[in-house]
4 protein chains.
Amino acid sequence: MLIVMRSDATEDQVEQVLDLVRQLGFKGHSMPGASRTAIGITGNPGPLDPGQFEDLPGVAEAIRVTKPYKLVGRDLKHDNTVIRIGDAEIGGAEPAIIAGPCAVESLDQTMEIAEVVASCGVPFFRGGAFKPRTSPYAFQGLGEEGLRILDKVRDRFGLKIVTEVLDPENVDLVERYADVLQIGARNMQNFSLLKRLGHARKPVLLKRGLSATLDEMLLAAEYVMSEGNYNVILCERGVRTFADHTRNTLDLSIVPAVQNLSHLPIIVDPSHGTGRRDKVIPLARASIAVGANGVMVEVHNHPELALSDGPQALLPEMFVQLVREIRDIHKVIAEAELNAAANG
Amino acid sequence: MLIVMRSDATEDQVEQVLDLVRQLGFKGHSMPGASRTAIGITGNPGPLDPGQFEDLPGVAEAIRVTKPYKLVGRDLKHDNTVIRIGDAEIGGAEPAIIAGPCAVESLDQTMEIAEVVASCGVPFFRGGAFKPRTSPYAFQGLGEEGLRILDKVRDRFGLKIVTEVLDPENVDLVERYADVLQIGARNMQNFSLLKRLGHARKPVLLKRGLSATLDEMLLAAEYVMSEGNYNVILCERGVRTFADHTRNTLDLSIVPAVQNLSHLPIIVDPSHGTGRRDKVIPLARASIAVGANGVMVEVHNHPELALSDGPQALLPEMFVQLVREIRDIHKVIAEAELNAAANG
Amino acid sequence: MLIVMRSDATEDQVEQVLDLVRQLGFKGHSMPGASRTAIGITGNPGPLDPGQFEDLPGVAEAIRVTKPYKLVGRDLKHDNTVIRIGDAEIGGAEPAIIAGPCAVESLDQTMEIAEVVASCGVPFFRGGAFKPRTSPYAFQGLGEEGLRILDKVRDRFGLKIVTEVLDPENVDLVERYADVLQIGARNMQNFSLLKRLGHARKPVLLKRGLSATLDEMLLAAEYVMSEGNYNVILCERGVRTFADHTRNTLDLSIVPAVQNLSHLPIIVDPSHGTGRRDKVIPLARASIAVGANGVMVEVHNHPELALSDGPQALLPEMFVQLVREIRDIHKVIAEAELNAAANG
Amino acid sequence: MLIVMRSDATEDQVEQVLDLVRQLGFKGHSMPGASRTAIGITGNPGPLDPGQFEDLPGVAEAIRVTKPYKLVGRDLKHDNTVIRIGDAEIGGAEPAIIAGPCAVESLDQTMEIAEVVASCGVPFFRGGAFKPRTSPYAFQGLGEEGLRILDKVRDRFGLKIVTEVLDPENVDLVERYADVLQIGARNMQNFSLLKRLGHARKPVLLKRGLSATLDEMLLAAEYVMSEGNYNVILCERGVRTFADHTRNTLDLSIVPAVQNLSHLPIIVDPSHGTGRRDKVIPLARASIAVGANGVMVEVHNHPELALSDGPQALLPEMFVQLVREIRDIHKVIAEAELNAAANG
């Protein structure tokens, strides 16, 4: 926190600010200047509220100068985090592709889709056994039966399983079956769940909340990391805006913004980000082109019969084609980065 | 759901839609018209996704015609719900005022503020023992010690206690001390918590999420009610927009919108809705004028030392004045409503 | 602008910043402190872009410390501006009420509505002769014929005329008929129009743009004032957000925010702000309770036949009732302010 | 418009709706169905307001079924519009690249940048002679002198000139110098300007407003086209949201959404869309990958001295590299589309 005094502030007013800082148990550093004085504050365990100081006489403005997160930031760890799950990785040289149905609906449906996913050489399979639904009357997922189906997908096809966990009580259960534990957008600031996942032994895939700022998303990751689990993957999945041509507005600019501040990998979910099949392919392409570490897309063999989110699921043949394109676009980007590094 | 066919749709295309409806296990009602056919769907347990039908040939548009909620709606229960907590009520003839500090910080601080609140004849006291904080390093509340302090407030002043519960595990504990269980904005779609509170014996105060639509807020209340707890109070507390002159944008228009659709009471929290003391008083006045069933405001005896949200807390003398104004404005509104009813 | 250097910034890096400031033709004031140096910039004609400095080595942050407007601000003129139009005023002791149809449709319709407005003792009449419409195929207003009808309203009822002007070419024409020139939300940053109205001899009613920040609205007023027309009335009319229960989200918190920074009067338009009749009355009440200097509402004798915005127009009897309520609520607020001033 | 009656609506109520439709001068088509009646409306010159009907007794919902635009839509013209400017084109086989400084500042600056642009084989040069600025005190552009400098750029390098026109009065002047007339985001609904440009003989580049929906952007284009100028290029440049890590939130999903509905070409401006140089390159790549017909980027030889928007301008060497990447990514996309067409 930096307190900027008005140009006509008296010495008494500066002292009053310093007194308050001391009273709060922190350290104030007065920096008198040509036309006005600035006061730096250190020793605070977390961010202070600027308003606390802006009400004092003589204060022009109070500005946060330190970022409120530590473990997620590049200051602490400069190199990119690569998360390894068996022989697969997220954040490494290749873009990670995670695919599968929105919800696990039955053994047959799941196996059929898994076969398509595995046949493309894609390492990660997604599918919800516990589904967070806006209405209490909507399909809520198969629960543990769904997890057992996902287990069979891993056994048969060697796919790594990404699936959502909704509350602290179920973490133990889901962790027995999953390779990556997903936190949904609505739970991004469910702090009890975040802390519990900080003690999980599996990586966490943290989806951005519908109206989360960059700082809030990084602080949600900090919650998990501060409890000891450093394997966090961030995921952009669209935010809520006035725009009505897609279900949410996919904010691809957060990808370079995250990469600038944090060492954690970030992927994009264009299925939830757009809500419509015909926009998933162009936005998946764009996600790779913007530099994301991967994409998560929904695939369904019979989307017209899907129990949730059918209209955003890709048909198998669309998915096969998309995987090819992702790899081609990634090759162009990787070469461009190599050139830039060589010249820069 | 209503399916509107294109004017040039063939009979085969109409049949194809009806087939899909049957396959999904619902009932389709074809309504041929002069220039095009419409198809109504009934028997669906919850809302259907329009996209599922809009991809079929011959379909012009698919429109939801039934609201996805039942228990919260006026169709089912026409008269306003009045929630009684001992001798106090929310949703009744008088505006309910809930006041107190953001967080319970100590016995002394809490008792001093409670004395101010009680001296105005205000029946409800708020104060957080468990605090949801954006940063893991910020003050997280006193926990059970805080609840015991709130218990003393009730014993000494007869105030009813409103306090937040963060996760399903703590519902039993908080319920032992609280008169009203608050669900914070970030937890509005924490469905596990909503369901658990559906089994609580105390009323629930449900705050609107930062980017929740009207339907989503009503459906969150439906989650609680569908489990058997019908005592739900809604609370507008500001939404997230581009506007940067307040912390959130207080959306007072949701008050008449809720009252139009639902029998549940709705109050307003102008403290979180604006984030700054100098805007709390005008917006608390406006909340009563717009017809809300009450307001929840933060009061602090030493806001400059508050451990959270100090800049938005009212000073005791400001609060005393505000209570008077709220009652005066409410009298004008109540008379106007009487006149309107007499003339209408 | 204040440049905050990193704590490990070298003297050379500080010099480099000062060099750039000089190169740009401004003056840099270095303020070395205990742990880091801050640099103040003066002499810049308008706001600088922080990004221009944040790219330099050693710079931690660049912060705007001076507000970009001058004439609209309270620094320059502390007392509230009262705008006098004949014997009526906006920004004075009484709340200003402006009422009438969205569009002037015919002489009969306009006269009938004007009679209702005048019978309540309301001094201002609104009605559009030139209508900005989203679609080129929608009714665009009667043009000069509409202005002549408004002239007759003034002649017959003594009402002051508020009407919109769409482009610089028509300012002369509209000014011949109008008492107050309205700038619509979509034109809030039509800088050519703003400059032209800076030379008009009639007051300007400036509506907030659909996604305008507080600063942008004040700067739009500054455009008008910087050309010499100091009679500007601001108007909140709802902003665009994700919320879908009203056409726009009325942001009443901007009223105290404007009053804090600017001496200009601010009114509220709850008709466009909500788009639906049943929400206009509660939000008009709230607008007065929040402290606005007046309201602008749409009234129509046959809203179901209105050529534009019928669903948001009040029926005559609703308007009569609203005027009474506005005056009663304003009395409560005015007394409260007097008490606060006496005690404060 | 389609009116859906309640299931318990009486025949009288249906007649009342039909009466109103007749009174408004349109045609109502009653479509009685199994459980409820629907009424279609035709003959209306533009869209009707659903609220006008939803207030009538017996009406459940009023739904717009026809899109309010005609000339911009694919219903009228199925094939993509290719806009030819001399030997260059926008909307054709190759992605169009438009590059140059934000503002024309001097002959030397402009010529130096133009040389970089021309050396990459890029056909379009951008540069503002008239600048719309939020503050009246900011640099407003060189005016006609700036246009004459742009003329020299065309003469020397054969580049086509894209430059902004701010008001109807200046259209004649700007048209004498420009090859493409740009309408800025703040003027997207300046209907006088749109109509005037409908009579211009040069193509129009129409930027999306900061809070414009897809329909509003298409209707703004419809304004230009309805006056006879069919050469309109749309441009996404970021919208205003709560997100604070970029100046605006670039909404790439509007690209496939526009292409689905309209035959007009659409390009992306990642410079204004992000406001920061380090995000321009990744988002320019993503714009091509999402399928846009081109990009418009700002390039500056000395961005730290730029009179406007320096922090978002690319350095010359970054631009040269970007052009290469754009072409490589476009090749991948074009091949993918060919494959999809061959298989589909």
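If you go through the stretch B:312-323, how many residues are at the interface with another protein chain (Cβ under 7 Å from one of its Cβ atoms) and buried (at least 22 other Cβ atoms within 10 Å of the Cβ)?
So the count comes out to 0.
Can you tell me which residue among C:R148, C:R176, C:R154, C:R196 is within 30 Å of D:A138 (Cβ to Cβ), basic (K, R) and out of contact with any Cys (no Cβ under 6 Å at 6 or more places or on another chain)?
C:R196
Is there a residue in the stretch A:195-217 that is away from chain B (no Cβ under 12 Å), small (G, A, S), closer than 23 Å to B:E169 by Cα and surrounded by fewer than 24 Cβ atoms within 10 Å (Cβ to Cβ)?
Looking for residues that are away from chain B (no Cβ under 12 Å), small (G, A, S), closer than 23 Å to B:E169 by Cα and surrounded by fewer than 24 Cβ atoms within 10 Å (Cβ to Cβ), one finds at least one in the stretch A:195-217, hence yes.
In the stretch D:292-309, what residues are surrounded by fewer than 24 Cβ atoms within 10 Å (Cβ to Cβ), in contact (Cβ under 8 Å) with a residue 40 or more places away in the chain and out of contact with any Cys (no Cβ under 6 Å at 6 or more places or on another chain)?
D:N301, D:H302, D:A306, D:L307 - these are the residues of the stretch D:292-309 that are surrounded by fewer than 24 Cβ atoms within 10 Å (Cβ to Cβ), in contact (Cβ under 8 Å) with a residue 40 or more places away in the chain and out of contact with any Cys (no Cβ under 6 Å at 6 or more places or on another chain).
Confirm whether C:V162 is free of Cβ contacts under 8 Å to residues at least 60 places away in the same chain and β-branched (V, I, T).
It is false that C:V162 is free of Cβ contacts under 8 Å to residues at least 60 places away in the same chain and β-branched (V, I, T).
Under the condition of being under 17 Å from D:I254 (Cβ atoms) and more than 7 Å from every other protein chain (Cβ to nearest Cβ), which residue from the stretch D:272-287 is surrounded by the most Cβ atoms within 10 Å (Cβ to Cβ)?
Going through the qualifying residues, I end up with D:S287.
Select from the stretch D:218-247 the residues that are of a type in the set (S, T, N, Q) and facing another protein chain (nearest Cβ under 10 Å) and list them in ascending order.
Correct list: D:S226, D:T241, D:T246.
With the structure loaded, tell me whether B:L206 is in a helix (DSSP H, G or I) and assigned by TED's automatic domain parsing to the domain that holds B:M225 or whether it fails that test.
Values: in a helix (DSSP H, G or I): no; assigned by TED's automatic domain parsing to the domain that holds B:M225: yes.
So B:L206 does not fit the description; no.
If D:I333 meets every condition in (1) under 19 Å from D:R247 (Cα atoms); (2) modelled with pLDDT of 90 or more apart from one, which number is that one?
Against the list (1) under 19 Å from D:R247 (Cα atoms); (2) modelled with pLDDT of 90 or more, D:I333 comes up short only on (1).
Criterion first (more than 10 Å from every other protein chain (Cβ to nearest Cβ) and either in contact (Cβ under 8 Å) with a residue 60 or more places away in the chain or of a type outside the set (D, E) (or both)) does A:L338 satisfy it?
Spelling it out, A:L338 is indeed more than 10 Å from every other protein chain (Cβ to nearest Cβ) and either in contact (Cβ under 8 Å) with a residue 60 or more places away in the chain or of a type outside the set (D, E) (or both).
Among the residues of the stretch D:211-247, write down those that are charged (D, E, K, R) and either modelled with pLDDT under 95 or farther than 12 Å from A:T241 by Cβ (or both).
Passing the criteria: D:D215, D:E216, D:E222, D:E227, D:E236, D:R237, D:D244, D:R247.
Within the stretch C:89-123, work out how many residues are within 21 Å of C:T163 (Cβ to Cβ), among the aliphatic types (A, V, I, L, M) and surrounded by fewer than 18 Cβ atoms within 10 Å (Cβ to Cβ).
Here the count works out to 3.
Condition check: more than 9 Å from every other protein chain (Cβ to nearest Cβ), β-branched (V, I, T), surrounded by fewer than 20 Cβ atoms within 10 Å (Cβ to Cβ) and in a helix (DSSP H, G or I). Does A:V153 satisfy that? Lay out the reasoning, then the answer.
On the way: more than 9 Å from every other protein chain (Cβ to nearest Cβ): yes; β-branched (V, I, T): yes; surrounded by fewer than 20 Cβ atoms within 10 Å (Cβ to Cβ): no; in a helix (DSSP H, G or I): yes.
No.
Tell me the residue from B:L234, B:L252, B:L261 that is in the same structural domain as B:V204 (by TED's automatic domain parsing), touching a residue at least 12 places away in the same chain (Cβ under 8 Å) and surrounded by fewer than 24 Cβ atoms within 10 Å (Cβ to Cβ), please.
Details: B:L234 fails: surrounded by fewer than 24 Cβ atoms within 10 Å (Cβ to Cβ); B:L252 fails: surrounded by fewer than 24 Cβ atoms within 10 Å (Cβ to Cβ).
Answer to the selection: B:L261.
How many residues are in a loop (DSSP other than H, G, I, E, B), on the phi > 0 side of the Ramachandran plot and at pLDDT 95 or above if we restrict to the stretch D:266-302?
Number of matching residues: 1.
Given the condition basic (K, R) and in contact (Cβ under 8 Å) with a residue 60 or more places away in the chain, answer yes or no: does some residue in the stretch B:82-93 qualify?
no
Yes or no: the stretch D:249-267 includes at least one residue that is among the hydrophobic types (A, V, I, L, M, F, W, C) and closer than 19 Å to D:E164 by Cα.
Checked against the condition, which is being among the hydrophobic types (A, V, I, L, M, F, W, C) and closer than 19 Å to D:E164 by Cα, the stretch D:249-267 yields at least one hit.
As an exercise: evaluate C:V299 against (1) farther than 25 Å from B:G275 by Cα; (2) within 13 Å of chain D (Cβ to nearest Cβ); (3) among the β-branched types (V, I, T) and give the number of the one condition it does not meet.
Condition not satisfied by C:V299: (2).
Which of the following residues is among the polar types (S, T, N, Q) and under 24 Å from the mean Cα position of the chain (by Cα): A:Q140, A:Q109? Explain how you work it out, then say what you get.
Values: A:Q109 fails: under 24 Å from the mean Cα position of the chain (by Cα).
Just one listed residue meets the conditions, A:Q140.
Inside the stretch D:156-186, can you point out the residues that are farther than 17 Å from D:C102 by Cα and within 14 Å of chain C (Cβ to nearest Cβ)?
Of everything in the stretch D:156-186, those that are farther than 17 Å from D:C102 by Cα and within 14 Å of chain C (Cβ to nearest Cβ) turn out to be D:D167, D:P168, D:E169, D:N170, D:V171, D:D172, D:L173.
Filter the stretch D:264-279 for residues that are in contact (Cβ under 8 Å) with a residue 12 or more places away in the chain and either closer than 17 Å to D:L315 by Cα or out of contact with any strand residue (DSSP E or B) (no Cβ under 8 Å at 6 or more places or on another chain) (or both) and give the result.
D:D269, D:P270, D:S271, D:H272, D:T274, D:G275, D:R276, D:R277, D:K279
Tell me, which residue of the stretch A:221-231 that is out of contact with any Phe, Trp or Tyr (no Cβ under 9 Å at 6 or more places or on another chain) and without any contact (Cβ under 8 Å) to a residue 40 or more places away in the chain is surrounded by the most Cβ atoms within 10 Å (Cβ to Cβ)?
Applying the filter and picking the extreme gives A:N229.
The values are calculated or read from the model by the stated rules, or taken from the named source; none is laboratory data. Given the structure is predicted, the values throughout are model-derived calculations rather than measurements. Ideal geometry is used to build each Cβ from the backbone, glycine not excepted, and the neighbour counts take in all protein chains shown.
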